[in-house]
Amino acid sequence: MTGEQPIQSEDTLTSLFDYQSRTSEFIIEASKLSKTYQMGSVEVHAVRGVDLQVRRGEFLVILGVSGSGKSTLLHLLGALDQPTEGKAYVEGLDLSTLDHNQLADVRLRRVGFVFQFFNLMPQLTAQGNVELPLKFADVPAENAHGRARELLTRVGLGERRTHVPSELSGGEQQRVAIARALANNPRIILADEPTGNLDTKTGAEIIQLLRNLNQTQGLTFIVVGHDRRLTTVADRVIEMRDGEFVSEREGGGEELVQ
Amino acid sequence: MKFRNILGLSWTNMRRRKTRTALTTLGIVVGIMAVVSISALSGGFEAQITDQLTQGLDMDILTVLPGGGILGGGGLTTLHMNDTVVIQNITGVEATLGFSQSGTTVYNETDGTLDTRIVGLNFTDLEATYGHRLRFADGGFPDSGSNDSCIIGYLEDPIAAVGDNVTTEILVRVGFTFVYVNVSFIVSGVLEEVGSSGMLPFDRSVFIPLDTYQTLFNSESIDMILARIADPTQADAIAEEISTAFEDQVLVIVPTAIINTVMGVFDIMEVFLLAIASIALLVAGISILNIMLVSVMERTREIGIMKALGAKDRTILSQFLSEAVLLGIIGGIFGIIIGWVLAYGMGLALPLLFSGGMTGGFVGGDGNGFGGFGGSSNFTLVPVLPLETIFIAICFAVLISVIFAIYPARKAAKLDPVKALRYE
Ligand SMILES: Nc1ncnc2c1ncn2[C@@H]1O[C@H](COP(=O)(O)OP(=O)(O)O)[C@@H](O)[C@H]1O
Ligand SMILES: [Mg+2]
């Protein structure tokens with residue numbers, strides 16, 4: 001843990017978290033979590049009855065082929081989507097008890113998302129992209145600027161701050177996305193196939209960057225994907241198939257050797 | 001999210017799509033341009049005409065004509081000098097002036113001829129009614145009792161000086177035939193320029209004693225009676241009283257009524273034109289609605305990203321609404337600028353186009369009559385655009401674009417983030 005100053009202004013959930021989060025030793029939990037999509041007359045069970053407990057500072061990797069329900073699970077855990085059944089807890093807080101705005105606050109301050117296709121705002125520079133969640137959180141402009149600068153330096157992009165996404169390589173864009181996910185100092189990062197759109201070498205760099213953040217900042221990671229190299233750095237690896245967890249084992253817990 | 005940040009992001013978005021932004025505002029620009037140029041032009045026109053009418057019409061002079069009703073169907077066919085007494089006796093009437101006039105040619109042996117009108121009136125009445133407004137360039141009113149003296153109105157090239165003899169040729173009925181008779185007058189005074197002055201034009205006229213006029217033209221009647229009233233705000237009431245005194249057999253013209261009638265026509269025109277402009281703005285609003293819906297669809301993924309990053313629904317909503325506000329302001333400003341330039345250009349062009357027709361044509365057009373656009377020369381139309389109109393135009397532009405952006409903005413705010421993120 002570094003002694004980072006809390007930079008967010010006012011968090012409407014603070015009191016709720018303070019009250020509830022001490023009741024759980026797991027930073028993320030899920031019980032009988034299910035998500036069913038109705039496709040006309042067909043029911044698609046994207047996630048079926050998943051139970052999960054993630055420790056603080058854990059680097060969890062969930063592997064599975066395309067369509068196995070990884071993204072859906074990640075969305076449910078990150079308060080982006082609501083389950084059809086079961087419950088998800090973030091820092092001890094039952095997401096099903098939160099209203100729309102409170103869920104937005106969970107995404108704003110408690111979890112950071114990293115996506116396969118980077119999902120940067122195309123019209124904003126790297127700096128602007130990292131500042132965006134800070135602006136959502138009403139962080140004063142100077143603080144936001146300094147914070148974004150610092151984060152971009154931390155992911156190795158100090159020099160390319162003023163470039164828009166189209167002027168950046170895939171690896172660089174993913175670094176911006178990671179910096180952005182860290183903006184409001186969340187303790188949890190949810191990464192959806194972060195290397196899925198990168199070449200081997202760049203993918204390895206990104207995996208190592210995530211692992212470093214996990215090691216140095218004590219951030220909790222849930223990374224989903226099918227990149228086998230993820231298992232090397234993971235503390236724990238869960239295999240997912242057809243919306244269910246089919247196996248669980250310890251990961252390598254090592255640094256990635258290139 | 002702070003409003004300043006929302007605006008900043010909107011501005012970035014709009015700059016990214018300059019062409020689209022320009023096209024979106026185009027409707028607003030055109031609509032506001034129409035509203036501004038119409039109201040500036042008609043404002044200028046109205047100011048111009050009010051100005052000319054108030055100059056041309058003496059606000060404290062009522063005109064009494066024979067004949068009741070609008071066009072004198074029935075009613076008295078003639079007025080006589082003793083009718084002035086009836087009017088004079090009405091409270092609020094300060095002085096009366098009965099006169100007759102006809103067109104004629106006046107010439108002076110040395111200085112040439114002048115096509116003019118000859119006016120018969122009592123000089124004492126003239127002095128009582130218009131005395132405070134008339135200035136003699138030379139000479140003065142004739143001695144009372146003198147029946148062969150005249151006063152000449154202002155002329156650019158005077159044809160006679162005080163003491164000169166002027167001759168006028170008058171067509172007179174003798175029995176069953178008409179003959180031309182030459183009558184001479186001694187000039188007792190020459191007036192300074194009066195400019196336009198209602199029913200009785202002074203400049204270019206020759207004034208002779210009423211008795212002489214009536215003898216010459218073998219007539220006992222007078223054309224009309226002018227009554228000067230003490231308080232112009234009482235004009236309507238006094239006009240009513242005069243009318244009643246003559247059993248509604250006369251027509252009383254109130255100057256303010258003329259102005260009101262003309263202004264009324266302008267108001268109707270303005271309402272009509274503004275209605276057209278409003279339709280333009282409505283169309284502008286619908287095009288904003290349309291383009292914004294497309295924009296929301298195109299930016300679905302961005303909206304999903306923003307939501308994944310923790311943006312609240314109201315942040316997305318205000319994002320789109322603030323873009324609409326900016327569109328409205330930009331459109332409004334350009335509309336006002338272009339509208340003003342247009343109005344200014346038309347203000348210069350219109351008088352040139354109409355210079356022939358307008359000057360003579362408006363209100364009876366008798367060269368000098370009724371102040372009819374000051375004798376053709378300097379009719380200019382300066383558009384009038386009060387700050388208030390500018391403010392209202394901008395507000396209107398913003399209002400229209402915001403109203404039509406509400407639906408797309410709500411649609412954007414309500415997007416499901418997961419679906420939005422999966423959107424290709
Ligand atoms: N909005 C949706 N409507 C219907 N089916 C969906 C929807 N989203 C995902 N699915 C289905 O749910 C399953 C899991 O999808 P997803 O979570 O994206 O898997 P993964 O990320 O492992 O590829 C897939 O079969 C997918 O087709
Ligand atoms: Mg996926």
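The values are calculated or read from the model by the stated rules, or taken from the named source; none is laboratory data. What you see is a predicted model, and the numbers here were worked out from it, not measured in a lab. No Cβ is skipped: glycine too gets one built from the backbone with ideal geometry, and neighbour counts run over all protein chains shown. Surface areas here come from the heavy atoms of the whole protein model, side chains and all, with no ligands, DNA or RNA. Shrake-Rupley method; radii C 1.70, N 1.55, O 1.52, S 1.80 Å.
A compact table of results
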item: Tabulated pairs, the stretch A:121-135, first open to solvent by less than 20 Å² (accessible area, probe 1.4 Å), second among the acidic types (Asp, Glu) and in a helix (DSSP H, G or I), C-beta under 7 angstrom, 6+ apart or interchain; result: A:MET121/B:GLU302
item: Subset of the stretch A:76-93 [closer than 21 Å to A:GLU43 by Cβ, of a type outside the set (S, T, N, Q) and open to solvent by 10 Å² or more (accessible area, probe 1.4 Å)]; result: A:ASP81, A:PRO83, A:GLU85, A:GLY86, A:LYS87
item: Only one of A:ARG211, A:ARG187, A:ARG110 that is of a type in the set (Lys, Arg) and over 21 Å from A:LEU76 (Cβ atoms); result: A:ARG211
item: Of all residues in the stretch A:31-50 being open to solvent by 10 Å² or more (accessible area, probe 1.4 Å) and under 18 Å from A:LEU93 (Cβ atoms), the one that is nearest to the chain's Cα centre (by Cα); result: A:SER31
item: Out of A:ASN197, A:ASN185, A:ASN129, sole residue that is among the polar types (S, T, N, Q), within 14 Å of chain B (Cβ to nearest Cβ) and assigned to a loop (DSSP other than H, G, I, E, B); result: A:ASN185
item: Where B:ALA284 falls short, out of the listed (1) among the small types (Gly, Ala, Ser); (2) more than 30 Å from A:ARG180 (Cβ to Cβ); (3) in contact with a Ser or Thr (Cβ under 7 Å, 6 or more places away or on another chain); result: (3)
item: Residue list for the stretch A:188-233, restricted to those being within 20 Å of A:PRO133 (Cα to Cα) and in contact with an Asp or Glu (Cβ under 7 Å, 6 or more places away or on another chain); result: A:THR220
item: Residues within the stretch A:51-68 that are near ligand 1 (Cβ under 8 Å from one of its atoms), open to solvent by 10 Å² or more (accessible area, probe 1.4 Å) and of a type outside the set (Ser, Thr, Tyr), tallied; result: 2
item: Wholly enclosed strands (runs of 3 or more DSSP E) of the stretch A:202-250 bearing at least 2 residues charged (D, E, K, R) and either within 16 Å of ligand 2 (Cβ to nearest atom) or in contact with a strand residue (DSSP E or B) (Cβ under 6 Å, 6 or more places away or on another chain) (or both); result: A:236-241, A:244-250
item: Looking only at the stretch A:202-239, and only at residues there that are within 16 Å of ligand 1 (Cβ to nearest atom) and modelled with pLDDT of 95 or more, the one that is most open to solvent (accessible area, probe 1.4 Å); result: A:GLU239
item: Matching entry among A:GLY196, A:GLY146, A:GLY156, A:GLY253 (being open to solvent by 30 Å² or more (accessible area, probe 1.4 Å) and without any contact (Cβ under 8 Å) to a residue 12 or more places away in the chain); result: A:GLY146
item: Breaking point among (1) within 30 Å of B:VAL254 (Cα to Cα); (2) part of a helix (DSSP H, G or I); (3) open to solvent by 30 Å² or more (accessible area, probe 1.4 Å), for B:ARG4; result: (1)
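Let's see how each residue does on (1) in contact (Cβ under 8 Å) with a residue 40 or more places away in the chain; (2) away from every other protein chain (no Cβ under 14 Å); (3) away from ligand 2 (no atom under 16 Å from the Cβ):
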{"site": "A:GLU43", "(1), (2), (3)": "no, yes, yes"}
{"site": "A:LEU52", "(1), (2), (3)": "yes, yes, yes"}
{"site": "A:GLY67", "(1), (2), (3)": "no, no, no"}
{"site": "A:LEU77", "(1), (2), (3)": "yes, no, no"}
{"site": "A:ASN101", "(1), (2), (3)": "yes, no, yes"}
